[in-house]
Amino acid sequence: MTETYNDLRKRLDQGETTCSHIVAGALERAGATKDLNAFLALFNERAAARAEEIDRRVQSGTAGRLAGMTIALKDNIAVRDEQLTCGSRILTGFTSLYSATAVARLEAADAIVIGKTNMDEFAMGSSNESSYFGPAHHPMDRERVPGGSSGGSGIAVATAVTQASLGSETGGSVRQPAAFLGIVGVKPTYGRVSRYGLVAFASSLDQISPFARCVADAALVLETIAGSDPNDATSSTRPVQNYADGLDTADVHGKRIGIPSEYNIDGMHDSVVGALNEMRRRLVEAGAEVVEISLPHTKYTIPCYYVIATAEASSNLARFDGARYGYRSPNATTVEEMYEMSRSEGFGEEVKRRIMLGTFVLSSGYYDAYYRKAQQVRRLIHDDMTSAFANVDLILAPTTPTPAFKLGEKAGDPIAMYLSDIFTAATNLAGVPAISFPAGCDATTGLPIGLQFIAPHFGEAEMFAAAAWAERTLKA
Amino acid sequence: MSETSIIDSAILETYEPVIGLEVHAQLLTQAKAFSRAATEFGPTPNTNTDPVVLGHPGTLPTVNRLLVEHTVRMGLATNCRIRPRSRFSRKNYFYPDLPKGYQISQYDDPICHDGWVEIDLDGEVKRIRINRIHMEEDTGKMIHDLDIDNTLVDLNRAGACLIEIVSEPDIHSSREAYLYLMQIKSIVTYLGICSGNMEEGALRCDANISVRKRGAEKFGTRTEVKNMNSFRNVERAIEHEIARQIELLESGGQVVQQTRMWDAASRTTRTMRSKESAHDYRYFPEPDLLAVIVTDEMMQAAQAALPELAIARRRRFVEEYGLPAYDAGVLTETRDLGDYFEAAAGALKQKSTERFKLVSNIIMTEVLRVLTESKMEIAAFEIRPERLAGLVELFASDAISSKNVKDIFGAMLESDRSAEEISAEKGFVQISDNGFIEDAVQQVLAANARQLDAYRGGKTNLFGFFVGETMKLTRGKANPKLVNEILRAKLDEA
């Protein structure tokens, strides 16, 4: 449907197109798809100026690795002198003093950021419905959600406004919209990408995560933004592999692939089961060994995730207090009122729910029963994964139990909404990487289905290889 | 309630105060604890900041290595055990001087624990145990008196490196608390990790205070006293709080667990917040930072680099230089003063216990007087130790009188010339020639026959009169020691 970055780059280098032309096209498509509410800001002048600058480098043969690659950023990733709303009222009027490390690396490689995208408020949600700026819509059916929390970044790529985009994952916020939108979403190993400049939701789970329309583009973006950063103590110092190399001929022959038996849950959509079975058949056909594995603590994933994520969030979001930046209630007359009113009026319902939940699980007298217990469970979930990887190279699983659901369908039922992270959150809790890729469509609705490969810590190269193979075999 | 207790001292004596101190020391580092922003003092408000210090969205902390190294040194200097692996935690509360809404601190398993320091309690050495020393970041400052309508916030101090030293409740009087605090100050300044200046807030102290009947095992209900911003205020505040609690108990009341503020102006403590309104800080491990690892090599290097501390140096000054314990205590109060003494003593051409004591005397009387008057540090004092040694030698060789010493010292402050040069110029030459002094004594005795008769008749208190006359005759240049000896011999020879 659309060309890969490498093909685009060939045309760029041969003078068949220019960055200015590419950027103009991107901004034009963004305008044409405005009703999807994917973008919260477009960097018209900034992107045009960058494009001209990079075009000069293309002509002189000094352009960077990602010259002309257009990028959309989830609006919880900082760009110097630009807005950073996190989809929230509380960051009204705020502009960032610096750029995120991932953004700086993309720009150093001559990628062009064209704007900021819609998201669930502070990345808390799985449908993009909790945004202060209104929900974003599924491009194929406006009555459906694009997934979340990185809905806008997903749409930007799915509608070919940009070549790639960055979202962020805490419990599945990139893979789930990737599955709903029929594109590729990659959650890297915890520590693989610097979190500096990503507004924290749950620090021990968050990772900046790319979207792309093909595996190769996603690999290119990840290898550009990955690597250690002195500004993030939790970033890994391991050297970054060239994930994009050799993907054309990648194969799964001789690989052992595990499918978790616990992921066969009630309520799983037939089309998802069908896609999984089809992939299993193709793997076996290609010479891989597919085995059933057990992740025994799967049923504790969601409760564990929501205790840890909300605990960290309750602390991470304390800085939004009306004192130094962002929204301050005009009705406040005392310090206490400044805090209470600014936060009550500035945060939406879902964010407030999670702050209260997180405050509760950390409070004196409840810490041991909730937070400490959840940490222990997290260790068991982590160990489930590492023991699984003692026997298999990769894990194959559905990304979500169903295709994209309808707007409002789960909005009134937080638990149902939380359960849409069921196949993704364990990956974040364990810190391992995963990639969601398109694996067919629902026969009746035509909505995309996503499957994911989960890899051991820092197993990104093998994960990309398997996904590239799957992409090729499904196209054939 | 007044500072002096209305309770009889005999009743006070039936109670035992139990005190634990929490001391915060701001470390002398150029960068902040978790960012590279500068920490120098005094510039325009909110300029020593960066996005990390300001708590801007998306920023992350990174640990300043010096924070860890300084804390390890403090731990070793206070006989603490050092944890090879410790963690930072978040202490969550809202306050406008706290940009992130939490302070990065340590909670479970702090980096240093179970140590002790010694205090000298009127010649008796007492050990005060240290429960823990942990690392944390400082807060900003609130300014209430610059703007009529608003409170202003200055974040220059926010994020500065801080350690908290928590004692066991081993302190039993305000005097012990004072001595303990002085000891902590001495250690941090000897280590060069903190200026030790309480007035400037580089050293801050909170006290947990309770009283119990002597012999009782159970601790009384404690209060925490804050806002004591000088060493004297710590002593006064504790004294006051002990008396307040005893008066309360004696009058049938009960001590309520609460935090109290010391008011230096009225010299009283008053309620700040009660136990019910105490914060739930919701501590949890800081997910943005990795565990702090202290390797054996780091520990050994820190141990090897530890300077001799005041208490050991004081003992050595007594043994090595033969100084009285008092002198040794004064001279080792700061590392620089001790260094000054040792440099002066080392510069003496002829070394003896007497001369070391003379060096000590001049430092304790003249040098310290000038430093106090001019609010100067010894490091900046114009008479360097070698010149001071010259003055001591001049005096020790009987070439000048003790009065001359003061004059020459004064002149040395004004120029960089040696004591010898100044002495020669002023004609301050003390005459120690026996013949010359004998002649003078003879003249005095001949001129004062009546007094001589009286003396010999038993009025021996006239001795001073003859000394005075002899010194007058020699215009003060005669060596008084020799005048004494010769007079004594002449007067008593008949």
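Please indicate, with yes or no, whether at least one residue in the range B:456-467 is touching a strand residue (DSSP E or B) at 6+ places or on another chain (Cβ under 8 Å), at pLDDT 85 or above and more than 22 Å from residue B:360 (Cα to Cα). Working first, answer last.
Let us first name the residues in the range B:456-467 that are touching a strand residue (DSSP E or B) at 6+ places or on another chain (Cβ under 8 Å), namely none.
Within the range B:456-467 (the criterion being touching a strand residue (DSSP E or B) at 6+ places or on another chain (Cβ under 8 Å), at pLDDT 85 or above and more than 22 Å from residue B:360 (Cα to Cα)), the answer is no, since none of the residues qualifies.
Quick one: how many residues across the range B:38-93 are of a type in the set (Val, Ile, Thr) and in contact with a helix residue (DSSP H, G or I) (Cβ under 7 Å, 6 or more places away or on another chain)?
3
Scan the range B:157-180 residue by residue and report those that are more than 14 Å from chain A (Cβ to nearest Cβ), under 30 Å from residue A:323 (Cβ atoms) and outside any strand (DSSP E or B).
B:157, B:160
Would you mind stating whether residue A:92 is among the hydroxyl-bearing types (Ser, Thr, Tyr), under 23 Å from residue A:147 (Cβ atoms) and modelled with pLDDT under 95? Steps first, please.
Values: among the hydroxyl-bearing types (Ser, Thr, Tyr): yes; under 23 Å from residue A:147 (Cβ atoms): no; modelled with pLDDT under 95: yes.
No; evaluated as a whole, the condition is false for this residue.
Can you find, within the range B:52-70, the residue that is farthest from the other protein chains (Cβ to nearest Cβ) among those that are open to solvent by 10 Å² or more (accessible area, probe 1.4 Å) and outside any loop (DSSP other than H, G, I, E, B)?
Looking at the filtered set, the residue picked out is B:70.
How many residues are open to solvent by 10 Å² or more (accessible area, probe 1.4 Å) and part of a strand (DSSP E or B) if we restrict to the range A:64-83? Give the derivation first.
Start the filter on the range A:64-83 by keeping residues that are open to solvent by 10 Å² or more (accessible area, probe 1.4 Å), which leaves A:64-65, A:80-83.
The next check asks that each one be part of a strand (DSSP E or B); those that pass are A:83.
Residues in the range A:64-83 being open to solvent by 10 Å² or more (accessible area, probe 1.4 Å) and part of a strand (DSSP E or B): 1 in total.
Does residue A:54 satisfy being among the hydrophobic types (A, V, I, L, M, F, W, C), within 14 Å of another protein chain (Cβ to nearest Cβ) and either in contact with a helix residue (DSSP H, G or I) (Cβ under 6 Å, 6 or more places away or on another chain) or not in a helix (DSSP H, G or I) (or both)?
Here the answer is no, as residue A:54 does not meet what is asked.
Out of the residues in the range A:100-117 that are within 14 Å of chain B (Cβ to nearest Cβ) and among the hydrophobic types (A, V, I, L, M, F, W, C), which is farthest from the chain's Cα centre (by Cα)?
Looking only at the range A:100-117, we keep the residues that are within 14 Å of chain B (Cβ to nearest Cβ), and these are A:100-104, A:116.
The next check asks that each one be among the hydrophobic types (A, V, I, L, M, F, W, C); those that pass are A:100, A:102-104.
On the way: A:100: 16, A:102: 14, A:103: 15, A:104: 18 Å.
Taking the candidates together, the pick is A:104.
Wholly within the range A:318-429, which helices (runs of 4 or more DSSP H) include no fewer than the required count, namely at least 2 residues that are touching a Pro at 6+ places or on another chain (Cβ under 9 Å) and either open to solvent by 70 Å² or more (accessible area, probe 1.4 Å) or among the acidic types (Asp, Glu) (or both)?
Working: elements: A:335-346, A:349-362, A:373-388, A:414-419.
Fully inside the range A:318-429 and qualifying: A:349-362, A:373-388.
Are any residues in the range B:83-102 out of contact with any Phe, Trp or Tyr (no Cβ under 8 Å at 6 or more places or on another chain) and either open to solvent by less than 20 Å² (accessible area, probe 1.4 Å) or within 10 Å of chain A (Cβ to nearest Cβ) (or both), and if so, which ones?
Matches in the range B:83-102: B:86, B:88, B:95, B:96, B:97, B:98, B:99, B:100.
Taking the condition of being β-branched (Val, Ile, Thr), touching a Gly at 6+ places or on another chain (Cβ under 7 Å) and within 14 Å of another protein chain (Cβ to nearest Cβ), how many residues in the range A:187-220 meet it?
Taking the range A:187-220 first, the residues β-branched (Val, Ile, Thr) are A:189, A:193, A:199, A:208, A:215.
Going one step further and asking which of them are touching a Gly at 6+ places or on another chain (Cβ under 7 Å), we end up with A:189, A:199.
Subsequent filtering for residues that are within 14 Å of another protein chain (Cβ to nearest Cβ) retains A:199.
Selection size over the range A:187-220: 1.
Quick one: how many residues across the range A:88-125 are small (Gly, Ala, Ser), buried (at least 24 other Cβ atoms within 10 Å of the Cβ) and within 19 Å of residue A:210 (Cβ to Cβ)?
5
Within the group A:52, A:107, A:45, which residue is at pLDDT 95 or above, among the charged types (D, E, K, R) and either over 30 Å from residue A:326 (Cβ atoms) or in contact with a strand residue (DSSP E or B) (Cβ under 6 Å, 6 or more places away or on another chain) (or both)? Working first, answer last.
Numbers: A:107 fails: either over 30 Å from residue A:326 (Cβ atoms) or in contact with a strand residue (DSSP E or B) (Cβ under 6 Å, 6 or more places away or on another chain) (or both); A:45 fails: either over 30 Å from residue A:326 (Cβ atoms) or in contact with a strand residue (DSSP E or B) (Cβ under 6 Å, 6 or more places away or on another chain) (or both).
Step by step, each of A:52, A:107, A:45 is checked, and only A:52 is at pLDDT 95 or above, among the charged types (D, E, K, R) and either over 30 Å from residue A:326 (Cβ atoms) or in contact with a strand residue (DSSP E or B) (Cβ under 6 Å, 6 or more places away or on another chain) (or both).
Every residue in the range B:255-268 that is over 25 Å from the mean Cα position of the chain (by Cα) and among the β-branched types (Val, Ile, Thr), please. If you could, list the steps in order and put the result at the bottom.
Taking the range B:255-268 and keeping what is over 25 Å from the mean Cα position of the chain (by Cα), we get B:255-260, B:266.
Passing the criteria: B:255, B:256, B:259.
Provide a single number: the residues in the range B:1-28 that are modelled with pLDDT of 95 or more and touching a helix residue (DSSP H, G or I) at 6+ places or on another chain (Cβ under 7 Å).
7
Just a yes or no: is a residue in the range A:236-251 at pLDDT 95 or above, within 25 Å of residue A:119 (Cα to Cα) and away from chain B (no Cβ under 14 Å)?
Within the range A:236-251 (the criterion being at pLDDT 95 or above, within 25 Å of residue A:119 (Cα to Cα) and away from chain B (no Cβ under 14 Å)), the answer is no, since none of the residues qualifies.
Quick one: count up the residues across the range B:181-204 that are buried (at least 22 other Cβ atoms within 10 Å of the Cβ), of a type in the set (A, V, I, L, M) and assigned to a loop (DSSP other than H, G, I, E, B).
Number satisfying all stated conditions: 1.
Mind checking which pairs have a first residue in the range A:52-78 that is on the phi > 0 side of the Ramachandran plot and a second that is among the β-branched types (Val, Ile, Thr) and open to solvent by 10 Å² or more (accessible area, probe 1.4 Å), Cβ under 7 Å, 6 or more apart or different chains?
Once the first residue is on the phi > 0 side of the Ramachandran plot and sits in the range A:52-78, its partners that are among the β-branched types (Val, Ile, Thr) and open to solvent by 10 Å² or more (accessible area, probe 1.4 Å) give A:68/A:22.
Please go through the range A:130-143 and pick out each residue that is crowded, with 24+ Cβ neighbours inside 10 Å and not in a strand (DSSP E or B). Let's see the steps before the verdict.
Just the residues of the range A:130-143 that are crowded, with 24+ Cβ neighbours inside 10 Å, to begin with: A:130-131, A:136, A:138.
Result: A:130, A:131, A:136.
Just to check your reading of the model, which residue among B:411, B:399 is at pLDDT below 90 and either open to solvent by less than 80 Å² (accessible area, probe 1.4 Å) or in the same structural domain as residue B:333 (by TED's automatic domain parsing) (or both)? So that I can check it myself, show each step before the final result.
Working: B:411 fails: at pLDDT below 90.
Selected residue: B:399, the only one of B:411, B:399 that is at pLDDT below 90 and either open to solvent by less than 80 Å² (accessible area, probe 1.4 Å) or in the same structural domain as residue B:333 (by TED's automatic domain parsing) (or both).
Among the residues of the range B:231-263, how many are part of a loop (DSSP other than H, G, I, E, B) and surrounded by 15 or more Cβ atoms within 10 Å (Cβ to Cβ)? Walk me through it before giving the result.
So the first thing to find is which residues in the range B:231-263 are part of a loop (DSSP other than H, G, I, E, B), and the list is B:251-257.
Filter again for surrounded by 15 or more Cβ atoms within 10 Å (Cβ to Cβ), leaving B:255.
The qualifying residues number 1.
Could you grab the pairs with beta carbons closer than 6 Å, sequence gap of 6+ or different chains, first residue in the range A:98-125 and among the polar types (S, T, N, Q), second one open to solvent by less than 10 Å² (accessible area, probe 1.4 Å) and in a strand (DSSP E or B)?
Within 6 Å, the pairs are A:117/A:72; A:117/A:74.
Are there any pairs with C-beta distances below 7 angstrom linking a residue in the range B:472-490 that is within 17 Å of residue B:461 (Cα to Cα) and in the same structural domain as residue B:400 (by TED's automatic domain parsing) to a residue that is surrounded by 14 or more Cβ atoms within 10 Å (Cβ to Cβ) and basic (Lys, Arg), with the two at least 6 apart or on different chains, and if so which?
Taking only residues 6 or more apart or on different chains, not a single pair turns up.
Being surrounded by fewer than 14 Cβ atoms within 10 Å (Cβ to Cβ) and farther than 30 Å from residue A:359 by Cβ is the filter here; which residues of the range B:122-148 pass it?
In the first step, residues of the range B:122-148 are kept if they are surrounded by fewer than 14 Cβ atoms within 10 Å (Cβ to Cβ); the result is B:122-125, B:127, B:142, B:144-148.
Result: B:122, B:123, B:124, B:125, B:127, B:145, B:146, B:147, B:148.
Can you confirm whether the range A:177-189 contains a residue that is touching a residue at least 24 places away in the same chain (Cβ under 8 Å), among the hydroxyl-bearing types (Ser, Thr, Tyr), open to solvent by 10 Å² or more (accessible area, probe 1.4 Å) and in a loop (DSSP other than H, G, I, E, B)?
We begin by selecting, within the range A:177-189, every residue touching a residue at least 24 places away in the same chain (Cβ under 8 Å); these are A:177-189.
Retained after the next criterion (residues that are among the hydroxyl-bearing types (Ser, Thr, Tyr)): A:189.
Next, from what is left, pick out any that are open to solvent by 10 Å² or more (accessible area, probe 1.4 Å): none.
There is no residue in the range A:177-189 that is touching a residue at least 24 places away in the same chain (Cβ under 8 Å), among the hydroxyl-bearing types (Ser, Thr, Tyr), open to solvent by 10 Å² or more (accessible area, probe 1.4 Å) and in a loop (DSSP other than H, G, I, E, B).
Among (1) out of contact with any strand residue (DSSP E or B) (no Cβ under 8 Å at 6 or more places or on another chain); (2) closer than 21 Å to residue A:47 by Cα, which single condition is residue A:89 missing?
Tallying (1) out of contact with any strand residue (DSSP E or B) (no Cβ under 8 Å at 6 or more places or on another chain); (2) closer than 21 Å to residue A:47 by Cα, residue A:89 fails exactly one: (2).
For the range B:264-300, what are the residues that are open to solvent by 50 Å² or more (accessible area, probe 1.4 Å), in contact with an Asp or Glu (Cβ under 9 Å, 6 or more places away or on another chain) and either among the hydrophobic types (A, V, I, L, M, F, W, C) or not in a loop (DSSP other than H, G, I, E, B) (or both)?
Of everything in the range B:264-300, those that are open to solvent by 50 Å² or more (accessible area, probe 1.4 Å), in contact with an Asp or Glu (Cβ under 9 Å, 6 or more places away or on another chain) and either among the hydrophobic types (A, V, I, L, M, F, W, C) or not in a loop (DSSP other than H, G, I, E, B) (or both) turn out to be B:270, B:272, B:298.
The values are calculated or read from the model by the stated rules, or taken from the named source; none is laboratory data. All figures in this text were calculated on a predicted structure; none of them were measured in a lab. Note that we place each Cβ from the backbone using ideal geometry, even for glycine, and neighbour counts take in every protein chain shown. With ligands, DNA and RNA removed, areas are computed over all heavy atoms of the protein, side chains included. Shrake-Rupley method; radii C 1.70, N 1.55, O 1.52, S 1.80 Å.
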